[in-house]
1. Quick one: how many residues across the range 85-105 are surrounded by 12 or more Cβ atoms within 10 Å (Cβ to Cβ) and not in a strand (DSSP E or B)?
2. Residue by residue through the range 24-67, note down the ones that are hydroxyl-bearing (Ser, Thr, Tyr) and either under 19 Å from Val103 (Cα atoms) or surrounded by fewer than 13 Cβ atoms within 10 Å (Cβ to Cβ) (or both).
3. If you check every pair at least six apart or on different chains, which have Cβ atoms under 6 Å apart with a residue in the range 85-100 that is among the β-branched types (Val, Ile, Thr) first and a residue that is surrounded by fewer than 16 Cβ atoms within 10 Å (Cβ to Cβ) second?
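Laboratory data are not the source of any read-out in this text; all were calculated from the coordinates shown. Quantities reported herein were computed from a predicted structural model and do not represent experimental measurements. Every residue, glycine as well, gets a Cβ built from its backbone with ideal geometry; the counts of neighbours run over all protein chains shown.
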Amino acid sequence: MFQATLAGGLLVLGLSAPLQAADVIVEISDYRFKPAEVRIRPGDTVTWLNREKRTSHSVLLEGTGEESERFFPDEKWSRAFPQAGRFEYHCGPHPEMKGVVIVGD
C-alpha cells in the first residue's frame, strides 16, 4: 500500500506494510477456557489448545451452531474471524464451559 506525505514542500511516497493477522491462543484446562474472553481484530485467528490430561473438548459457536470436531489432549482447533462481532461459545460435551470472542475494528 502506498502512503503519500508532504514534507518541506516535497511529496514523499513510501510503502506501508499492511497489518498482519494475529493468532490468539486459548488454552483449555481444568474444564475452563483460559482466557474466557479474547478481543481480536477482524481477520485474526483464535486457536483453542486442549491442555487436559484425558478429556476431549469442542468449540460450539452459539450464534451459528458451528462446532469443531472433538479434540483430545495436546490437539488444537483454529478458526479465523473475518468480521466484527461478538461470538459466544461453549464446549459441546461440557456446556458449562463458556467463552466469548469479541472482534472489533
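1. Within the range 85-105, residues that are surrounded by 12 or more Cβ atoms within 10 Å (Cβ to Cβ) and not in a strand (DSSP E or B) number 5.
2. Hits for the range 24-67 are Tyr31, Thr45, Thr47, Thr64.
3. Pairs that qualify, where the first residue is among the β-branched types (Val, Ile, Thr) and the partner is surrounded by fewer than 16 Cβ atoms within 10 Å (Cβ to Cβ), are Val100/Glu37; Val100/Glu88.
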